[in-house]
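Undergrad: Supplied in structure tokens, the structure appears directly below.
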Amino acid sequence: MNTTTPEQLHEQWVAALAARDLGRLVALCEPDALVAAVPGAPPVCGASAVTRSVAWLLALDGTLRAEPWVGVEHGDLAGGGARFTICDGHDPFEGVPVTVQGSSLEVMRREHGRWRYAINVALHPAAHPRPLLLRLRRALR
């Protein structure tokens, strides 16, 4: 898994979701990462809880469309997110069609040349964090 840039981390996440590769998705997160895989879900921390959260996302069995962006990069930290839609999914409990829209707030950390998620939290569409991160980027200049 080549994640030498934050952008590659986004690409790997989207590819692993499309491949329904739970192990790869979890490996893209730090062992104590904070993750909320679906908008409105409570954030969880730790590999086993992240595995359960991401497994539920995969159970939707939908098609992901994402527009990722990196808003801030400083040394071994980066902040960004994505606007996303999961369409043609199905509720794993009731089998009814489901579409999930939202955005994510992501904090990525580089360790030994490899980027991984420290935080990857899905938010409701109205809570897009990009304006906040763009203000932060301007403040850091």
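Undergrad: Which helices (runs of 4 or more DSSP H) sit wholly inside the stretch 1-70 and have at least 2 residues that are more than 25 Å from Gly95 (Cα to Cα) and touching a strand residue (DSSP E or B) at 6+ places or on another chain (Cβ under 6 Å)?
TA: In the stretch 1-70, the matching helices (runs of 4 or more DSSP H) lie at 6-19.
Undergrad: Does the stretch 67-74 include one or more residues that are more than 19 Å from Val107 (Cβ to Cβ), modelled with pLDDT under 95, of a type outside the set (Lys, Arg) and crowded, with 17+ Cβ neighbours inside 10 Å? Even if it seems obvious, please write down each step before you answer.
TA: Of all residues in the stretch 67-74, those more than 19 Å from Val107 (Cβ to Cβ) come to none.
Checked the stretch 67-74: no residue is more than 19 Å from Val107 (Cβ to Cβ), modelled with pLDDT under 95, of a type outside the set (Lys, Arg) and crowded, with 17+ Cβ neighbours inside 10 Å.
Undergrad: To continue, here is another question. Restricting to the stretch 40-76, count the residues that are of a type in the set (A, V, I, L, M, F, W, C) and in contact (Cβ under 8 Å) with a residue 40 or more places away in the chain.
TA: Narrowing the stretch 40-76 to residues of a type in the set (A, V, I, L, M, F, W, C): 41, 44-45, 47, 49-50, 54-60, 64, 66, 69-70, 72.
Still in the list and also in contact (Cβ under 8 Å) with a residue 40 or more places away in the chain: 41, 57-58, 60, 64, 66, 69-70, 72.
Of the residues in the stretch 40-76, 9 are of a type in the set (A, V, I, L, M, F, W, C) and in contact (Cβ under 8 Å) with a residue 40 or more places away in the chain.
The values are calculated or read from the model by the stated rules, or taken from the named source; none is laboratory data. If you're wondering where the values come from, they're calculated on a predicted model, not measured in any experiment. Every residue, glycine among them, receives a Cβ derived from its backbone with ideal geometry; neighbour counts consider all protein chains shown.
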